[in-house]
Amino acid sequence: MNKTKICLAILAAVPYLAQAEHEGTVHLDEVKVVAKKNKASLTQPDIETAKENLSKTAGGTTVVNMETVREGRTSNMQDTLGMATGVLAQSRFGAEETRLSIRGSGLQRTFHGRGLKLMQDGIAVNLADGGFDFPAIDPMATDYIEVYRGANALQYGSTNLGGSINFISRTGYTAPALEVRSEGGSYGYYRLGVSTGGVKDNVDYFVSASKYHSDSFRDNAQQGADRLTGNVGIRLNEQVETRFFFGYVNNDSQLSSSLTKAQLKDDPKQATVTAGQGINQRNINVTRVANKTTILFDQSKLELGAYYARKGLFHPIGNFGDTTGVIDQESYDIGLTARWAYQGELFGLKNEFVAGLSPTRGRTDAKNYLNVNARRGALLNDFDQKATNFETYLEDRLSLDEQWTVIAGLQYAKSKRDSQDQMITASGDQSVDKTYSQTSPKLGVLYQLQPQVQVFANASRSFEPPSFGELNSLVVSSLKAQKGTTFEIGSRGNSEFVDWDVAFYQARLQDELLQVGAAGSPFASQTINAGKTIHRGLEFGLTARLPYSLQWRSSLLINDFKLDNDPTFGSNRLPGIQRSLLRAELVYRGSDVLENFYIGPTIEWSPQRYNVDFAETLYADSYFLWGMKAGQKINQHWSWFIEGRNLANQKYAATTGVVADATRAFTSQAQFFPGDGRTAYLGVTWTY
């Protein structure tokens with residue numbers, strides 16, 4: 001009898017042995033049978049390797065373990081990244097659309113993000129013009145998340161202020177053979193997912209399918225998405241592995257209207273619909289395929305990648321003059337990546353060197369129609385848009401001794417934005433053909449104070465050309481790329497009782513891309529270069545293991561973002577973002593009888609009001625939310641959670657719009673997007 005048959009026989013006998021024990025005749029200790037996959041992926045490092053790699057960075061980095069995230073609801077970017085150090089992730093109204101920002105990047109966007117480089121498995125998810133869509137990522141298919149804040153993402157070619165977020169997919173080596181997860185809760189919310197993964201000889205695979213729906217806390221805000229995600233890896237030999245990725249998402253979202261503060265306090269669920277325009281929507285479908293190949297040499301590693309993505313967008317958002325009513329787009333993007341990493345010696349000292357390049361190209365057929373009850377009316381505009389980028393970079397880490405490491409980097413980026421107006425209207429020819437380029441240096445130092453304690457500092461340059469979203473403006477002839485210089489100092493470490501990650505930064509930006517409004521206009525309806533601005537802040541993540549099996553986890557952001565002697569608004573604060581935000585939980589984690597059981601309160605606290613307009617006349621109020629969560633991994637097959645949010649049913653603004661001056665004539669005061677009221681969720685996972 002082989003080992004497999006012996007194991008099956010033991011499992012089959014367990015119920016009878018348990019009965020015999022009850023009768024007082026036999027007692028056997030529990031037998032656990034665990035199947036181990038004896039190889040690791042070359043293209044997808046495991047989470048421990050990722051933590052080790054990020055610890056070599058002289059700046060703010062974070063690894064988010066999705067096993068911890070799955071202890072509660074996993075619906076949107078706020079759920080997955082809300083506790084990540086240095087990340088502001090605030091859902092627009094409980095939906096997947098999110099205000100996602102690091103160090104004030106793209107801080108006015110609550111939809112179609114900007115200012116960050118989103119990656120999946122080290123390959124860009126952004127469109128070629130720099131924008132990205134939140135529903136493109138499936139949290140159920142993600143193993144862990146790497147966050148590189150600011151220029152600490154240079155080793156992946158990121159040029160922008162915010163840095164990069166890299167979602168690492170599960171593989172056949174890390175995924176269970178079969179997993180089914182079900183979440184459900186308030187306002188018709190449910191998310192169902194099933195995944196499978198495995199290894200056979202030198203081939204591994206992972207496939208995940210999920211369905212999501214929510215009627216939403218607010219009126220006219222129904223959401224839904226279907227996703228299929230997966231990858232197949234082929235180990236050609238011990239030094240070479242190639243992996244093919246595929247993904248599909250179809251996401252339909254109704255967009256509930258913003259409210260005045262009085263409306264929010266009266267009934268945050270309410271929404272308004274303009275007669276003849278129907279409910280605003282943002283419906284996208286994305287198909288993406290990619291490949292990543294890793295080749296190991298004696299002292300180096302070469303990574304090659306390629307991707308193709310097609311996106312369709314149907315976006316009725318109202319009628320604004322003769323420019324926008326229904327946005328209807330088809331876009332096609334391709335890109336290549338090459339990254340070479342070397343470990344050896346330089347001048348007799350330990351040295352690590354990384355070099356890479358990433359050319360991308362995208363083409364968009366962008367049409368705007370008159371909005372007739374959320375359907376296409378008369379054609380208003382027709383643009384043929386092409387975006388191309390070429391980024392090349394190198395970074396060197398030289399260890400002077402066991403404690404001191406110096407990191408130097410350099411990056412060159414060149415981007416072209418070509419938007420040809422195919423339909424000349426009364427507004428004139430709105431064609432754009434602009435090229436942007438910059439060389440960005442970086443210098444940092446990393447000091448190993450103790451084996452588990454690091455101190456770091458760095459200085460860097462950033463660069464971000466406008467996306468087509470910014471270029472769809474009547475002031476594009478003078479629109480420049482956003483540039484900046486950032487200084488950062490911080491520390492990270494861990495001990496038996498506490499883990500921490502803290503960084504202070506200051507960025508001085510030139511020509512920041514902000515929606516301030518054209519001269520003489522009361523509206524923040526156009527993107528312009530805002531002259532000089534200052535972004536400074538504190539990023540602080542803490543995990544403390546306390547007596548009585550208690551664990552405190554928290555993420556604190558303090559944001560101080562200001563104009564710098566602006567001709568109109570002086571040194572006022574930049575609007576639309578919390579001045580400080582604390583998310584935390586105090587959880588009891590049981591042992592012995594309550595093994596793998598957890599329970600405790602959660603909080604979200606924005607202690608100061610913050611301005612919604614550049615003139616600092618309209619403010620979003622401070623708020624304090626609390627909830628509870630509990631759950632348990634019962635055994636190797638079953639786990640569950642239950643979670644309540646905003647249990648005091650506070651009325652608050654989760655995010656806001658932005659205006660220039662809320663006191664000016666014709667300026668709308670309806671700029672507030674209410675957060676969810678009291679909600680509860682239950683989830684069950686079965687793993688085989």
Residues located in segment 250-285, provided they are of a type in the set (A, V, I, L, M) and either outside any strand (DSSP E or B) or in contact with an Asp or Glu (Cβ under 7 Å, 6 or more places away or on another chain) (or both): Leu255, Ala262, Leu264, Ala271, Val273, Ala275, Ile279, Ile284
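Collect the residues in segment 233-244 that are of a type in the set (A, V, I, L, M) and either open to solvent by 60 Å² or more (accessible area, probe 1.4 Å) or touching a residue at least 60 places away in the same chain (Cβ under 8 Å) (or both), keeping them in residue-number order. First the steps, then the outcome.
Going residue by residue through segment 233-244, those that are of a type in the set (A, V, I, L, M) are 234, 236, 240.
Listed by number, the residues that qualify are Leu236, Val240.
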Taking segment 79-124 and keeping only residues that are in a strand (DSSP E or B) and of a type in the set (Ser, Thr, Tyr), one is left with Ser91, Thr98, Ser101
Which of the residues spanning segment 390-429 are polar (S, T, N, Q), open to solvent by 40 Å² or more (accessible area, probe 1.4 Å) and over 26 Å from the mean Cα position of the chain (by Cα)? Gln403, Gln420, Gln422, Ser427
Of the conditions (1) over 30 Å from Ser258 (Cβ atoms); (2) among the polar types (S, T, N, Q); (3) in contact (Cβ under 8 Å) with a residue 24 or more places away in the chain; (4) in contact with a Leu (Cβ under 9 Å, 6 or more places away or on another chain), Thr196 fails just one. Which one is it? (3)
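Given the residues Arg109, Arg92, Arg70, which is the only one that is basic (Lys, Arg), out of contact with any helix residue (DSSP H, G or I) (no Cβ under 9 Å at 6 or more places or on another chain) and either under 23 Å from Leu192 (Cβ atoms) or modelled with pLDDT under 95 (or both)? Spell out the reasoning first.
On the way: Arg109 fails: out of contact with any helix residue (DSSP H, G or I) (no Cβ under 9 Å at 6 or more places or on another chain); Arg70 fails: out of contact with any helix residue (DSSP H, G or I) (no Cβ under 9 Å at 6 or more places or on another chain).
That would be Arg92, the only listed residue that is basic (Lys, Arg), out of contact with any helix residue (DSSP H, G or I) (no Cβ under 9 Å at 6 or more places or on another chain) and either under 23 Å from Leu192 (Cβ atoms) or modelled with pLDDT under 95 (or both).
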What's the number of the condition Gln277 fails, among (1) of a type outside the set (A, V, I, L, M, F, W, C); (2) within 30 Å of Leu400 (Cα to Cα); (3) crowded, with 18+ Cβ neighbours inside 10 Å? (2)
For Asn166, all conditions in the list (1) within 19 Å of the chain's Cα centre (by Cα); (2) closer than 25 Å to Leu88 by Cα; (3) open to solvent by 10 Å² or more (accessible area, probe 1.4 Å) hold save one; what is the number of the exception? (3)
Would you pick out the residues in segment 395-432 that are in a loop (DSSP other than H, G, I, E, B), among the hydrophobic types (A, V, I, L, M, F, W, C) and under 26 Å from Lys350 (Cα atoms)? Leu400
All but one of (1) more than 30 Å from Ser258 (Cβ to Cβ); (2) open to solvent by 20 Å² or more (accessible area, probe 1.4 Å); (3) aliphatic (A, V, I, L, M) hold for Met119; state the number of the condition that does not hold. (2)
Given Ala374, Ala378, Ala366, which one is touching a Pro at 6+ places or on another chain (Cβ under 6 Å) and either over 21 Å from Ser158 (Cβ atoms) or open to solvent by 30 Å² or more (accessible area, probe 1.4 Å) (or both)? Ala374
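From the list Leu336, Leu302, Leu349, Leu313, exactly one residue is open to solvent by 30 Å² or more (accessible area, probe 1.4 Å), hydrophobic (A, V, I, L, M, F, W, C) and touching an Asp or Glu at 6+ places or on another chain (Cβ under 9 Å). Which is it?
Numbers: Leu336 fails: touching an Asp or Glu at 6+ places or on another chain (Cβ under 9 Å); Leu302 fails: touching an Asp or Glu at 6+ places or on another chain (Cβ under 9 Å); Leu313 fails: open to solvent by 30 Å² or more (accessible area, probe 1.4 Å).
Leu349 is the lone residue from the list that is open to solvent by 30 Å² or more (accessible area, probe 1.4 Å), hydrophobic (A, V, I, L, M, F, W, C) and touching an Asp or Glu at 6+ places or on another chain (Cβ under 9 Å).
So that you can scan it fast, the table gives a plain yes or no per residue for (1) under 21 Å from Arg645 (Cβ atoms); (2) modelled with pLDDT of 95 or more; (3) not basic (Lys, Arg):
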{"site": "Ser182", "(1), (2), (3)": "yes, yes, yes"}
{"site": "Gly185", "(1), (2), (3)": "yes, yes, yes"}
{"site": "Ser195", "(1), (2), (3)": "no, yes, yes"}
{"site": "Tyr205", "(1), (2), (3)": "no, yes, yes"}
{"site": "Asn220", "(1), (2), (3)": "no, no, yes"}
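Would a scan of segment 64-78 turn up a residue that is in a strand (DSSP E or B) and open to solvent by 10 Å² or more (accessible area, probe 1.4 Å)? Break it down into steps so the answer makes sense when it comes.
First, the residues of segment 64-78 that are in a strand (DSSP E or B): 64-65.
Next cut, open to solvent by 10 Å² or more (accessible area, probe 1.4 Å) only: 64-65.
Yes: one or more hits.
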Only listed residue being open to solvent by 30 Å² or more (accessible area, probe 1.4 Å) and part of a strand (DSSP E or B), chosen from Thr486, Thr435: Thr435
Out of the strands (runs of 3 or more DSSP E) lying entirely within segment 509-564, which hold 2 or more residues that are out of contact with any helix residue (DSSP H, G or I) (no Cβ under 7 Å at 6 or more places or on another chain), surrounded by fewer than 22 Cβ atoms within 10 Å (Cβ to Cβ) and at pLDDT 95 or above? 532-546, 550-563
Restricting to segment 266-293, name every residue that is under 28 Å from the mean Cα position of the chain (by Cα) and without any contact (Cβ under 8 Å) to a residue 40 or more places away in the chain. Asn283, Asn285
Taking the conditions exactly as written (more than 23 Å from the chain's Cα centre (by Cα) and free of Cβ contacts under 8 Å to residues at least 24 places away in the same chain), does Asn220 satisfy them or not? no
What strands (runs of 3 or more DSSP E) completely inside segment 574-664 contain at least 1 residues that are open to solvent by 50 Å² or more (accessible area, probe 1.4 Å) and either touching a residue at least 24 places away in the same chain (Cβ under 8 Å) or closer than 21 Å to Thr85 by Cβ (or both)? 580-589, 597-606, 623-633, 638-645
Residues of segment 123-161 being open to solvent by 20 Å² or more (accessible area, probe 1.4 Å) and farther than 21 Å from Ser440 by Cα, which ones? Val125, Leu127, Ala136, Asp143
Exactly one of Val207, Val180, Val194 is surrounded by fewer than 20 Cβ atoms within 10 Å (Cβ to Cβ) and within 22 Å of Ile123 (Cα to Cα), and that residue is Val207
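A quick yes/no check of all residues on (1) open to solvent by less than 20 Å² (accessible area, probe 1.4 Å); (2) within 24 Å of Tyr307 (Cα to Cα); (3) in contact with a Phe, Trp or Tyr (Cβ under 6 Å, 6 or more places away or on another chain):
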residue: Gln222; (1), (2), (3): no, no, no
residue: Lys265; (1), (2), (3): no, no, no
residue: Pro268; (1), (2), (3): yes, no, no
residue: Val273; (1), (2), (3): no, no, no
residue: Arg282; (1), (2), (3): yes, no, no
residue: Thr287; (1), (2), (3): no, yes, yes
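To keep it simple, each residue is scored yes or no on (1) among the β-branched types (Val, Ile, Thr); (2) modelled with pLDDT under 95; (3) out of contact with any strand residue (DSSP E or B) (no Cβ under 6 Å at 6 or more places or on another chain).
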{"residue": "Ser419", "(1), (2), (3)": "no, yes, no"}
{"residue": "Asp429", "(1), (2), (3)": "no, yes, no"}
{"residue": "Leu443", "(1), (2), (3)": "no, no, no"}
{"residue": "Phe456", "(1), (2), (3)": "no, no, no"}
{"residue": "Ala459", "(1), (2), (3)": "no, no, no"}
{"residue": "Asn472", "(1), (2), (3)": "no, yes, yes"}
Among the residues of segment 636-654, is any at pLDDT below 95, over 24 Å from Pro575 (Cβ atoms) and touching a Lys or Arg at 6+ places or on another chain (Cβ under 9 Å)? yes
Evaluate segment 609-629: report whether one residue or more is under 25 Å from the mean Cα position of the chain (by Cα) and over 26 Å from Lys261 (Cβ atoms). yes
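The values are calculated or read from the model by the stated rules, or taken from the named source; none is laboratory data. Bear in mind that the values here come from a model prediction, so they are computed numbers and not experimental data. Cβ coordinates were reconstructed from backbone atoms using ideal geometry, including for glycine residues, and neighbour counts include every protein chain displayed. When the accessible area is computed, the model is the full protein with side chains, heavy atoms only, and any ligands, DNA or RNA have been set aside. Shrake-Rupley method; radii C 1.70, N 1.55, O 1.52, S 1.80 Å.
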